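Trainee: Attaching a single structure in structure tokens format; questions to follow.
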Amino acid sequence: MNELLRLRVLFLRRTLAGRCPQCGKGAIFARWARLCEHCDQCGLVYRRESGSMIGSMYLSAIATEIVAAAISLTLFFATSWTLATALAVGLAIHFAFAAWFYPRSMSIWVAVEYATDVGNGESWAKPR
């Protein structure tokens, strides 16, 4: 595995664990789905520019729509429930998934942005 790919996997693991992609020690969330401004251990700024988390929004939207389609198809073909029951169960599962995935999409996007900066050789991006 080449070095940059190994680093990208490391950054993703760190952020999915709720830790800074650079040092792996500081928290990335102040509370549920509320990104910290920076890492309290190494000082890495998580949102360096306006609109930097738009990718997270798209990632979350795409994933939740794919899950919604899978839920709909599963309920349609695998059950004989009434429309009201299928909608109630399907929407509950969909909203639960969306709430669970939203902070993870933010974590993934922080890792993607940091990996891009490391790959581009940004002088301030110093993986540890």
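Trainee: Spot the failing condition for Ala61; the list is (1) out of contact with any helix residue (DSSP H, G or I) (no Cβ under 8 Å at 6 or more places or on another chain); (2) modelled with pLDDT of 95 or more; (3) open to solvent by 60 Å² or more (accessible area, probe 1.4 Å), and only one is missed.
Mentor: Single failed check for Ala61: (3).
Trainee: Something else: Please state which one of Ser72, Ser105, Ser80, Ser50 is farther than 25 Å from Leu10 by Cα, surrounded by 14 or more Cβ atoms within 10 Å (Cβ to Cβ) and not acidic (Asp, Glu).
Mentor: Ser72
Trainee: Then there is this: Among the residues of the range 1-39, write down those that are touching a residue at least 24 places away in the same chain (Cβ under 8 Å), open to solvent by less than 30 Å² (accessible area, probe 1.4 Å), on the phi < 0 side of the Ramachandran plot and not hydroxyl-bearing (Ser, Thr, Tyr).
Mentor: Leu7, Phe11, Cys20, Pro21, Gln22, Cys23, Ile28, Leu35
Trainee: Test Tyr58 against the stated conditions and say whether it is under 15 Å from Met106 (Cβ atoms) and in contact with a His (Cβ under 8 Å, 6 or more places away or on another chain).
Mentor: When the stated conditions are applied, Tyr58 does not pass them.
Trainee: Also, I was wondering about something else. Those residues that are in contact with a helix residue (DSSP H, G or I) (Cβ under 8 Å, 6 or more places away or on another chain) and among the small types (Gly, Ala, Ser), I need them from the range 64-98; list them, please.
Mentor: We begin by selecting, within the range 64-98, every residue in contact with a helix residue (DSSP H, G or I) (Cβ under 8 Å, 6 or more places away or on another chain); these are 64, 67-68, 71-72, 75-76, 79, 81, 86, 89-90, 93-94, 97-98.
Ala68, Ser72, Ala86, Gly90, Ala98, listed by residue number.
Trainee: Could we say that Leu73 is more than 16 Å from Cys20 (Cβ to Cβ), assigned to a helix (DSSP H, G or I) and touching a Phe, Trp or Tyr at 6+ places or on another chain (Cβ under 9 Å) here?
Mentor: no
The values are calculated or read from the model by the stated rules, or taken from the named source; none is laboratory data. The model shown is predicted, which means the values in this text are computed figures rather than measured ones. Ideal geometry is used to build each Cβ from the backbone, glycine not excepted, and the neighbour counts take in all protein chains shown. These area figures cover heavy atoms from the full protein model, side chains too; ligands, DNA and RNA do not enter into them. Shrake-Rupley method; radii C 1.70, N 1.55, O 1.52, S 1.80 Å.
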